[in-house]
Amino acid sequence: MTIAVDFDGTIVTHAYPAIGKPIPFAIETLKKLQREDMCQIILYTCREGQLLEDAVNYCKERGLEFYAVNAAFPEETPDMRISRKLDADVFIDDHNLGGLPDWGVIYQMIHSGQPLQPHVQNFGDEQKAPRKSFLERLFS
Ligand SMILES: [Mg+2]
């Protein structure tokens with residue numbers, strides 16, 4: 001699966017052209033999707049030049065390296081593009097309809113392959129041992 005992810009407002013809070021504060025679990029979740037779900041992560045941002053490098057380096061310093069940056073694949077150049085729209089299976093962006101879900105929810109939707117399923121709780125399970133929260137399981 002190829003995932004295109006935005007930077008400002010998605011991986012970090014909005015502070016463009018500076019780099020905002022980390023959004024909790026964004027980088028950890030993307031690394032987990034690369035490592036365990038074999039996802040290809042593309043950085044898809046309006047940043048260019050030095051500001052783009054700043055974003056790429058910010059992520060790299062935290063262990064997140066992208067499959068491609070503002071391109072469908074690493075070798076792609078603008079003249080190779082058939083469409084302005086990036087060829088990705090999923091887009092993660094703070095401008096999503098409905099806003100940016102919690103990164104734990106994002107992981108669950110991608111990992112389960114059921115992005116349109118509501119996240120329901122199981123009621124009537126009071127007799128069972130309490131389940132760990134999703135984030136506790138994700139990073140344990
Ligand atoms: Mg954004």
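The values are calculated or read from the model by the stated rules, or taken from the named source; none is laboratory data. What you are looking at is a predicted structure, and each value in this text was computed from that prediction instead of being measured. So basically every Cβ, Gly included, is an ideal-geometry build from the backbone, and we count neighbours across all protein chains shown. Each accessible area value is taken on the protein alone, full model and side chains, heavy atoms only, with ligands, DNA and RNA left out. Shrake-Rupley method; radii C 1.70, N 1.55, O 1.52, S 1.80 Å.
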Subtracting the Cα-Cα distance of residue 13 and residue 52 from 0.36 nm times their residue separation yields 12.5 nm
What's the magnitude of the charge dipole for segment 2-115 around its Cα centre, counting Lys and Arg as +1 and Asp and Glu as -1 at the beta-carbon? Answer in Debye, nearest 20. 160 debye
Net charge (Lys, Arg +1; Asp, Glu -1) of residues whose beta-carbon lies under 13 Å from that of residue 10, residue 10 excluded, is -3
Could you compute the net charge surrounding residue 46? Neighbours are other residues with a C-beta less than 15 Å from the C-beta of residue 46; K and R count +1, D and E count -1. -4
If I model a spin label at residue 84 and residue 105 as a point 7 Å from the Cα along the Cα→Cβ vector, what separation in nanometres do I get? 3.0 nm
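Among residues other than residue 93 whose Cβ falls under 15 Å from its Cβ, what is the net charge (Lys/Arg +1, Asp/Glu -1)? Spell out each step's value before the answer.
Values: positive: 47, 85; negative: 6, 8, 89, 94, 102.
Cβ neighbours under 15 Å give a net charge of -3.
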Convex hull volume of the Cα atoms in segment 1-66, per residue, in Å³? 70 Å³
Heavy-atom accessible surface of segment 1-125: percent carbon and sulfur, 1.4 Å: 54 percent
Per segment 2-115, sqrt(5λ) over the Cα gyration tensor eigenvalues, sorted largest first, in Å, gives 20, 18, 14
How many angstrom lie between the C-alpha centres of segment 90-111 and segment 1-47? 11 Å
